[in-house]
Amino acid sequence: MNPLITISIPIYNVGKYVERSLSSALNQTYDNLEILVIDDKGTDNSMEVVRRIIDTHPRGKAVKIIEHSENQGLGATRNTSIDNAQGEYIMFMDSDDYISDDCISKLYKSSYDNCSDIVIGSYQDFSMTGDIGKGFIQNLGAATGYDVLWQWYKSPMVYVQTWNKLYKTNLLRDNFVRCIPSNRNEDVFFTFQLLKPVKSVSFVSDITYYYQTMNPEAITYNMCTGVFDYKEHMQYLEILDNMIAYMSKHNLKKDNFLNDYFQWFYRIRIGRIMKATSLTLSKKEEYLKDLRSLPLDSIAFPNILEGIRKYGKSWIWISLPPKIAVSLQPLYLRIKKVFKA
């Protein structure tokens, strides 16, 4: 008999989408499933829809509802699933997305064939109006090694999101891989904790996941539309701070892979601030100072030339004091525009 696999679905104000999402999990061709629905105490009719589906679907008994006492956030729902999953493997999905009927079968086959700690599937993105995006197709096969996960993440070939990936449940538990509970951007720190323990990864080129973009209720909406969200800024400060604390706790301050991953996301945050057209110069300076206020002494930052070579031109803004960086940016943009003309 195939091993039990857990599918985790967080539920919070997704009444418009949850039927499609939960039905796609219930309609899997894989024969041994547990579906954990985490009720994160929304205010709409989402859970009424869930219970109706459970009562009417032939596979409804595979669904287990776990109720939070109050709204705790996406990171907490992922943690609840890890703590309660009975499956040998676990896959996370979001409740406004859906999966192909053979999603679990294909991900599990890849894990079985390649003895993989993690299997990463391909996905197709689509908008609320039904427009189809480029998608993200994996053609990478399988790989093993000490730094295998970081080798893929530092390339543009692997997405950081937790969904559409099949994890060995004990991999997460034994290494105490968890999300920051109240943080909505749960994937960054989650993946950071996997860089060291993961020794084997495989990839599925078939599309197994359908990801809805431009949903105003979704976490990534502001990022997709270019709006700078102060809450997002504060949550990423928390993520970066947790990365530093993790390296300190596990005596990994000089670990090249973790330092690189930290610097990668630190650079992304700097870039988001500098590119934000909705921010005044004084606000940009304030937010840059927030990033500089993190306990960065233990992070091995490269010098400006090495940083530009490694991470791109945005490293300039990391190397300069916030006030100078912000004051020079308009001139830099004008020069850049002239050279492009």
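The values are calculated or read from the model by the stated rules, or taken from the named source; none is laboratory data. This is a predicted model, so every value here is computed, not measured. Methodologically, a virtual Cβ is constructed for each residue, glycine included, from the backbone with ideal geometry; neighbour enumeration extends over all protein chains shown.
What to note about this one:
- Failed condition for Asp125, given (1) within 23 Å of Thr169 (Cα to Cα); (2) of a type in the set (D, E, K, R); (3) in contact (Cβ under 8 Å) with a residue 60 or more places away in the chain: (1)
- Those strands (runs of 3 or more DSSP E) of the range 1-80 in which 3 or more residues are under 21 Å from Tyr209 (Cα atoms) occupy 5-11, 33-39.
- Reported count of residues in the range 162-193, each being more than 15 Å from Asn79 (Cα to Cα) and part of a loop (DSSP other than H, G, I, E, B), is 1.
- From the list Val148, Val177, Val158, the lone residue that is touching a Leu at 6+ places or on another chain (Cβ under 7 Å) and over 23 Å from Gln28 (Cβ atoms) is Val177.
- Among (1) part of a helix (DSSP H, G or I); (2) farther than 30 Å from Val177 by Cα; (3) modelled with pLDDT of 85 or more, the one test that Leu328 misses: (3)
- Qualifying positions in the range 112-156 - within 30 Å of Arg309 (Cα to Cα) and out of contact with any strand residue (DSSP E or B) (no Cβ under 9 Å at 6 or more places or on another chain): Tyr146, Asp147, Trp150, Tyr153, Lys154, Ser155, Pro156
- Every listed requirement among (1) among the hydrophobic types (A, V, I, L, M, F, W, C); (2) more than 21 Å from the chain's Cα centre (by Cα); (3) surrounded by 20 or more Cβ atoms within 10 Å (Cβ to Cβ); (4) closer than 22 Å to Thr169 by Cα is met by Leu33 save one, (3).
- Residues of the range 239-261 satisfying the condition of being charged (D, E, K, R) and not in a loop (DSSP other than H, G, I, E, B): Asp241, Lys249, Asp260
- Single residue of the range 193-245 satisfying the filter (among the aromatic types (Phe, Trp, Tyr) and crowded, with 16+ Cβ neighbours inside 10 Å) that is modelled with the lowest pLDDT: Phe228
- Selection of first residues in the range 241-263 that are more than 20 Å from Ser293 (Cα to Cα) and of second residues that are at pLDDT 90 or above and in a helix (DSSP H, G or I), restricted to Cβ pairs under 7 Å at least 6 apart or on distinct chains, gives the following pairs, ordered by first then second residue: Leu252/Leu258; Asp255/Met247.
- Of everything in the range 96-120 that is in contact with a Phe, Trp or Tyr (Cβ under 6 Å, 6 or more places away or on another chain) and outside any helix (DSSP H, G or I), the residue that is farthest from Gln28 (Cα to Cα) is Ile118.
- Selection from the range 171-183 of residues that are touching a helix residue (DSSP H, G or I) at 6+ places or on another chain (Cβ under 7 Å) and either surrounded by fewer than 17 Cβ atoms within 10 Å (Cβ to Cβ) or hydrophobic (A, V, I, L, M, F, W, C) (or both): Leu172, Arg173, Val177, Cys179, Ile180, Pro181, Ser182
- In the range 126-141, the residues that are in a strand (DSSP E or B) and either of a type in the set (Ser, Thr, Tyr) or in contact with a Cys (Cβ under 9 Å, 6 or more places away or on another chain) (or both): Ser127
- Screening the candidates Lys283, Lys310 for the property of being farther than 27 Å from Leu194 by Cβ and surrounded by fewer than 17 Cβ atoms within 10 Å (Cβ to Cβ) yields one hit, Lys283.
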